[in-house]
Structures are given as C-alpha cells and as structure tokens.
Amino acid sequence: EEMIAARRESGWRRGMGDSLLLAWRNLLRLSRTPAVVVSVLLFPAIFLSGFLVIGQRLMAAQGVDYIQYLVPIINLQAMFFAGLSSALLLTKDMQTGMMQRCRAMPISRAAVLGGLVLAYLVRGLFATLILLALALVYGFRFQAGLLGLLGYFFLVLLFTAVCIAGYGALALKLRRPALVDAVSIVPYAPLLLLSNGFSPAENFPGWLQPIVRYQPVSVTCDALRSLSSASPELLPVLSSLLWLTAALVGLGAWAIHLYRNLS
C-alpha cells in the first residue's frame, strides 16, 4: 500500500497510452465472449424489428414515420446494454484480482476506467453501424447529410460514455456481478420506458408528460431525430449536449472517487 501511495503515474500521455493498452485487452475479451457478439449483432435488430412490426400502423395513424422515430431509442437502448456489460466486466476484474493488480502496477490510475470506456465506445460504434445498416433496409434515411451523420454518432458515443460511467460507478459500489445484474434495471426501466423514445410524450398521462418530455433520454432522442431529419434544429442538440455533459462529469467523478477508495 505504501508503494502504491508513493508512486505518481501522471500525465495525459501516460494515461492515454495505458488506457489504450487496457482497452485492447478489454476488446480481446469482448471478441472472445459469444454473448457479447450476439448482443451486438442481434439485440438491436430484434428490438428494431419487433417494435416496428407492433407500432408502425399505430404511429402512422398519428402521422409519425415510425422508422425515423424509432431508430434513436433502439440505438440508445443498445448503449444501455453496453453500459451494463461494462459493469459486469468491471466486477469480474474485481473478483479475479485483476483490479488489484492494476492498482499495484506502475500504470496511470486513470487507465482502468479509461480502457473500459474506450473499449465499450468501440463496441458502441460497431453496434450503431450494424443497427443503422438494418434500419436503412427498413427505409430509415439520414436526410441532414454528412454533418448530421457525424453529429448523430458523436451524441450516441457521448451517451455511451455516460452509460459506462454510471454503470461503472454502480459496479464499483456494489462489487458483485449478480447484484449489479439485479440492480441494473433500476436506471434502465424509467429512463427508457418513461421517455418519448417509443411513443410521443402526448400519448402519456398529462401529469407525466413534462417528465417524459424533458428527461435526458427523451432530449437525446429528439436531438438524434433532428440530426437525421432534413431540417436539423440546434436547440435539441444543445439540450442533449448539456444533459449528457453534466451527467458524464457527475457520474465520472463518482466512479473515479469509488475507484480511488477501493480497499
């Protein structure tokens, strides 16, 4: 413990280099886990196809082009799953002693969490590309051009980082895979189901509509829809950036605090 306290591995170059090394290690683990490969390839496709079959006629009656409306929430849902997967990987590292080894090695203290975030951002990127490829088959179109496409990917990856930070903090707090898996539904259910992702806010009870309309998942869905439309609007994008940046700073600080205080 004295040796760990005495060393000072700092500097952004050292932190980035060590984070990339651990990110590569995490990516190798993910590529060798069949459940991860299946979730990246199949889950977004299954959810997109299922909700589209169930809700397309109903939403068309309300004047909603459902494929354009639905893709953002399916994308964000996949990022929630990525965050949960990152938390389970983190708790397994704690149980196997890998976390303690990293804390004892002369590497940047930011590398463990940084490597986790980078690896799952790559996973999120691949999941998004696969989802959008399928969505194009169903008729989804990016009407805002290249800038809209780049903005879409940026917001999705920022949302992914928020999910990883939040679920990472949960893992560092609970420290057991089974408990993390059981509690993971707590943030997932209200944020996705009580959002305008699957259905417009007007379809919810009146007293619930303000919550549905202004919570972070709804705001980000609005931003992603705007970025893929023919006439993108700046306000939804700025609102989403504000929400996600604040969440990333808060959850990231909490995760770093918990990591530094691991015993």
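Observations on the structure shown:
- Computed with a 1.4 Å probe on the full set of protein chains, the accessible area for residue 16 sits at about 90 Å².
- Where labels lie 7 Å past Cα in the beta-carbon direction, separation of residue 98 and residue 58 in nm: 4.1
- Dipole check for region 43-169: with +1 at the C-beta of Lys and Arg, -1 at the C-beta of Asp and Glu, and the Cα centre as origin, the magnitude is about 300 Debye.
- Extension gain from residue 189 to residue 41, taking 0.36 nm per residue of separation minus the Cα-Cα distance: 51.0 nm
- Taking the Cα centre of region 159-263 as reference, the dipole from Cβ charges on Lys and Arg (+1) and Asp and Glu (-1) amounts to some 440 debye.
- Here the chain is treated as an ellipsoid with the same Cα gyration tensor; its semi-axes, largest first and in whole Å, are 35, 18, 18.
- The charge dipole of the chain, taken about its Cα centre with unit charges on the Cβ of Lys, Arg, Asp and Glu (plus for the first two, minus for the last two), comes to roughly 820 debye.
- Rounded to the nearest 10 Å², the accessible area of residue 259 at probe 1.4 Å: 10
- R0 of 35 Å, Cβ-Cβ distance residue 233-residue 27: FRET efficiency to nearest 0.05: 0.45
- Relative contact order (%) - the chain, alpha-carbon pairs under 8 angstrom, separation at least six: 25
- Solvent-accessible surface of region 28-96, averaged per residue with a 1.4 angstrom probe and all protein chains in place: 47 square angstrom.
- Solvent-accessible ranking of 160, 245, largest area first, probe 1.4 Å: 245, 160
- Per-pair calculated FRET efficiency, R0 = 35 Å: residue 208 and residue 257 via Cβ, rounded to 0.05: 0.55
- For the chain, the residue among 117, 187, 69 whose Cα projects farthest onto the positive side of the dipole built from Cβ charges is 117.
- Nearest-10 value in Å² for the accessible area of residue 254, using the 1.4 Å probe: 110
- Size-normalised alpha-carbon gyration radius of region 174-240, reference 2.2 N^0.38 Å: 1.36
- Largest mean-square fluctuation among 82, 223, 45, in a Gaussian network model of the chain whose springs join Cα atoms under 10 Å apart, belongs to 45.
- Portion, in percent, of the accessible area of the chain that falls on carbon or sulfur, probe 1.4 Å: 70
The values are calculated or read from the model by the stated rules, or taken from the named source; none is laboratory data. Note that this is a predicted model, so its numbers are computed, not measured. No Cβ is skipped: glycine too gets one built from the backbone with ideal geometry, and neighbour counts run over all protein chains shown. The area values use the complete protein model at the heavy-atom level, side chains included, leaving out ligands, DNA and RNA. Shrake-Rupley method; radii C 1.70, N 1.55, O 1.52, S 1.80 Å.
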